[in-house]
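Beneath this line is the structure, given in structure tokens, with notes to follow.
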Amino acid sequence: MTDINKSVALQNEIIYEFSEQEVLKIYYSEPRLAALIELDVIRLIDNHLVVNLKRFITPKTHHLTAFAKKNLSACCVGVKYSPEGKTKNQQKLQSTLDLLIEASGFLEKSPSIDGGQSEQEIGKESNKIGSEIDRINGILNNLPGSFSGSLKQHMERKGYTEELLSEESWISLSTIKQYRQKEEKQKTLKTVTALSIGLHLHPWLTEDLIRKAGLAVTATRIDGAYRYLYTFLYKDSIEDCNKYLRSQNLPEFVQRENKTKN
């Protein structure tokens, strides 16, 4: 199939299974999706953005159920590429998130509703999404302008000691102390990603930390992998992130020893 034919096909169908690059593009172009993932209402399962209900996700293995595979439009966020642009990267995404919100009462973790929801039910769910977006923006607006100050505030807000963050992020205690005390201490995308996963920070908060560290996510495989980790695996552990890095044949996070003085 030629690129032109592929483009036409994309314009005429709704896609539910995404590459890592596509799912990141959807995430950062749709703020409500970020809120729904933070609320654990939508999960990334088998490269699908699926509503977190037992009928759609197998409880032990965390895969799509047979019912979900047969009814993707009822449980997964889909996208359709607009006619603008000749290639996928140039085309705008049209998400089915609105249709999904209107069709299911998933914010209440309830079974799908037959038919549409009432205006009151839709409004209630929209308010929850809006409240979550406001909550995250409220945290962002109250952060200091520095990396060190923001890191301290995130740790205080989540009740983390330096020792706990070192354990959760696999970054040495001495490095964390320096990050908190010395703004000029050099950072890397890898260490900021590890800190953010250790703190289980929302991706918007991680991107804020990255900017304050004077860093930028580049179009390389490793930077793309880090962005994928802090966007979709930020609620998991560093060990879980290493499983993903291994699957991509990329360097893993390494646990740093914390040397204590006798």
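Values in this text are rule-based calculations from the coordinates and carry no lab data. Everything quoted here is computed from the prediction, not taken from an experiment. All Cβ positions, glycine included, derive from the backbone under ideal geometry; neighbour counts span all protein chains shown.
The table for this structure:
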{"read-out": "Summed residue charge, Cβ within 13 Å of Phe67's Cβ, Lys/Arg positive, Asp/Glu negative", "value": "+4"}
{"read-out": "Label-point separation, Arg135 to Ala216 (7 Å along Cα→Cβ), nm", "value": "3.3"}
{"read-out": "Under-5 Å amide H pairs with Ile42, H placed in peptide plane, nonlocal only", "value": "Ile37, Asn52"}
{"read-out": "Cross-link pairs Lys190/Lys212; Lys128/Lys235; Lys128/Lys187 - those with Cα-Cα distance over 25 Å", "value": "Lys128/Lys187"}
{"read-out": "D_trans [Stokes-Einstein, Kirkwood Rh over alpha-carbon pairs] for region 15-75, 20 °C, 1.002 mPa s, µm² s⁻¹", "value": "181"}
